[in-house]
Amino acid sequence: MQIAFFCICLWIGWRFIQFYFSCLSLGLATVSRPPGVEAFLPISAISALMSAWYWLQTGVIHSMHPAGLLIFGAVLAISFLFKRSFCSWICPFGFLSEKLADLGRRITGRNFHLPRWADWPLRGIKYLLLAFFVWVVFFGMNLADLRAFLNSPFNQTADVRLLLFFLHPSTTTLVVLAILIGLSIFVRHFWCRYLCPYGALTALVGLVSPTRIRRNIPSCIECGKCARVCPAGLPVDRLLTVHSDECSLCLECVQACPVANTLAAQTIYPRRRVRPVVIALAITGIFLLTIVFGKLSGHWQSAVKLRQMSRQIQYLQLSGLGNEHNPPSKNGNPPAAGF
Ligand code: SF4
Ligand code: SF4
């Protein structure tokens, strides 16, 4: 599942790069823009939060980056049904984080866990970031502010700006990325566990999920294998039911358990075992239904016109985005003349 979703993300990224360069070189998009790129919008959680707040107030899905909002909804639905499974089954950053941790294990023979006194407060950082975003959007923006931002040239080209951010990384960006990569090699899931606000959101929603890991105490031989493989460092071998916000329903503990029918993902009520294939099919189904709904209801493609987007892209390139010595104009609008 992770590899499949990672390949889809790579394909979306590749199509978007082709789209960008066709706009840049020809002044016209000869490659269609993949709407899935909206899942990666700068701080996509914020962008989607704004669209969600707009939708809650007006009942209307804003036409700018609607796919981002629908994907956001799909992630929330998955988190409700299967806890933080988005992080371990779908998220490309979760996948990369996993690979970096594997590399760390190859280098040092193990992954390091931060001591409890450091782990607890650091885990709170992602919740603080999420709380800050929620505060800014839900308490700091009225309907007029939301409209102004969602319709702004900045938001129209948010995906392009993210691409340019990585195509022309500043020294600060490279240093921060290097630190995060280094930490993720030695501390498993450093980004996901401590910093990711999207992870905080899926974790909070997952707290009310009806699906949990549950141990059958009479058949458990207390070998501790489940706890040793748990990427979240949870004491699965000492719990009856795993309630932790950090459980991503990755099922590594279930796979490691040597005794049949001792450890399983189960629904709370009615108590039923949830097999991995069911989770995989449900996650895939939710994403497919989201795409079909978006396309059929006309809420998939962003409303920004391709010609307009091409102009914005050429303007961003000319204005030297990514070069702090030559920033674009303050309001983000392209100049009236010259196109
Ligand atoms: S190993 Fe088990 S308890 Fe640990 S995160 Fe994965 S599913 Fe949850
Ligand atoms: S791996 Fe299975 S048998 Fe071993 S402690 Fe965990 S639940 Fe019990």
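Points to keep in mind about this one:
- Residue count for segment 230-244, restricted to those that are within 24 Å of the chain's Cα centre (by Cα) and under 16 Å from A265 (Cβ atoms): 7.
- Among the residues of segment 235-245, those identified as assigned to a loop (DSSP other than H, G, I, E, B) and touching a helix residue (DSSP H, G or I) at 6+ places or on another chain (Cβ under 7 Å) are P235, L240, D245.
- For segment 245-261, the count of residues that are on the phi < 0 side of the Ramachandran plot, free of Cβ contacts under 8 Å to residues at least 60 places away in the same chain and of a type in the set (S, T, Y) is zero.
- Across segment 202-227, the qualifying residues are those that are in a helix (DSSP H, G or I) and within 8 Å of ligand 2 (Cβ to nearest atom), and the one among them that is nearest to R271 (Cα to Cα) is S219.
- Selection count, segment 179-196, where residues are surrounded by fewer than 22 Cβ atoms within 10 Å (Cβ to Cβ), touching a Phe, Trp or Tyr at 6+ places or on another chain (Cβ under 8 Å) and assigned to a helix (DSSP H, G or I): 4
- The single condition from (1) over 25 Å from H189 (Cα atoms); (2) assigned to a helix (DSSP H, G or I); (3) more than 22 Å from the chain's Cα centre (by Cα) that V277 fails is (1).
- Sole exception among (1) buried (at least 17 other Cβ atoms within 10 Å of the Cβ); (2) more than 9 Å from ligand 1 (Cβ to nearest atom); (3) closer than 30 Å to L69 by Cβ for A264, by number: (3)
- Some residue of segment 287-298 being more than 16 Å from ligand 2 (Cβ to nearest atom), in a strand (DSSP E or B) and within 20 Å of L81 (Cα to Cα): no
- Complete set of residues in segment 238-261 that are more than 10 Å from ligand 1 (Cβ to nearest atom) and within 21 Å of F112 (Cα to Cα): D245
- Applying a threshold of 7 Å to beta carbon distances and a minimum spacing of six or more residues, or different chains, the list of pairs starting in segment 209-237 at a residue that is touching a residue at least 12 places away in the same chain (Cβ under 8 Å) and ending at one that is within 10 Å of ligand 2 (Cβ to nearest atom) and assigned to a strand (DSSP E or B) reads I213/L263; R214/A264; R215/L263; C226/L263; V236/I213; V236/R215.
Every read-out reported here was derived from the displayed coordinates using simple, explicitly stated rules and does not represent laboratory data. Values in this document were obtained by computation on a predicted structure and should not be read as measured data. Here the Cβ is made from the backbone with ideal geometry for all residues, glycine too, and neighbour counts use every protein chain on show.
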